[in-house]
1. Residues of region 88-132 with the amide nitrogen closer than 20 Å to a label point 7 Å from the Cα of Glu52, along Cα-to-Cβ, please.
2. Starting from the 7 Å offset along Cα-to-Cβ, what nm value, one decimal, do you get for the label separation of Ala20 and His80?
3. Given 0.36 nm per residue, what is the gain on full extension from Thr5 to Lys91 after removing their alpha carbon distance, in nm?
4. What's the extension gain from Ile44 to Glu131 if we count 0.36 nm per residue and subtract their Cα-Cα distance?
5. May I ask which of Lys67/Lys111; Lys67/Lys116; Lys32/Lys102; Lys64/Lys91 have a Cα-Cα span longer than 19 Å here?
Amino acid sequence: MVYVTRRSTFSASHRLYNPALSDEQNEVLFDKCANPMGHGHNYILEVTVRGEPQSDTGYVIDLKQLKEIIKREILDKVDHKHFNHDVAFMKDSIPTAENIAKVFWKILEPKITEGKLHSLRLHETENNVVEYRGE
Ligand code: NI
């Protein structure tokens, strides 16, 4: 089994806010991340696909195609956008890195037809990274 990873970057804003809670409760829970106008991050997304290299190409997945899938399905919809306001597929989730990774998985998993999606790693800051493997 070989694991192939495509790394992408995008910039986006978010505000951590649970509409079921009061403003005060949100402030206690999310602190500065609940600031009304939100704030931005330079995210790094690592998408890993696993499989056996195909006999005709030697690739698990053609990375040019993986790049195109990630661009079309994810980056074009989130880069320079505000997760709370501009991104339709995030409208029902608090846009933490955890929830973003899970939603990205749901979108990407069925689009990857060579190999299998193995993991998504989303770096929100230099020090904070989440990883999701679909379960
Ligand atoms: Ni943040």
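Bear in mind that the values in this text are calculations on the coordinates, not laboratory data. All values derive from a computational prediction rather than experimental measurement. Note that each Cβ is placed from the backbone with ideal geometry, even for glycine, and that neighbours are counted across all protein chains shown.
1. Taking a point 7 Å out along Cα→Cβ of Glu52, the residues of region 88-132 whose backbone N falls under 20 Å are 113-118.
2. Output for this residue pair reads 3.6 nm.
3. Roughly 28.2 nm would be gained on extension.
4. Gain on stretching Ile44 to Glu131: 30.1 nm.
5. Too far apart for the 19 Å limit: Lys32/Lys102; Lys64/Lys91.
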